[in-house]
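Readers should treat all values here as calculations from the given coordinates under stated rules, not as data from a laboratory. Small disclaimer: the values here were computed from a predicted structure and weren't measured.
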Amino acid sequence: MTSEKDVIQRVTQYIMTEVASSPPETPPAPDFPIIEGGLVDSLGLFKLIAFAEEQFDVRIAPEEIVLENFSTINAIVSLIRGKM
């Protein structure tokens, strides 16, 4: 099973390299508000969902696509790990 630390690292790296329109110099903290902080926009959110489903072999239902599940890296990791 994939560790929480590994999921955090993979999600953070993906956000920084593939989603952020202007990547920060340092990785965001796991509790940084990635949407409200401007790091992830609506298109980036859907790319992130596709990444999570593919990389972690999970299915994220439409009703789970709410701010509370994607507000921070910790929230995303909690959603992913809950489905693994």
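Can you tell me the mean projection area, over all orientations, of the convex hull of the chain's alpha carbons? Units nm², please. Don't jump to the answer; show the numbers that get you there.
Numbers: hull surface 19.5 nm².
With every direction weighted equally, the projected area is 4.9 nm².
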Report task. Report, to the nearest 10°, how far helix 4-14 tilts away from the longest principal axis of the Cα atoms in the chain, using its own Cα long axis and a range of 0 to 90°. Result -> 50
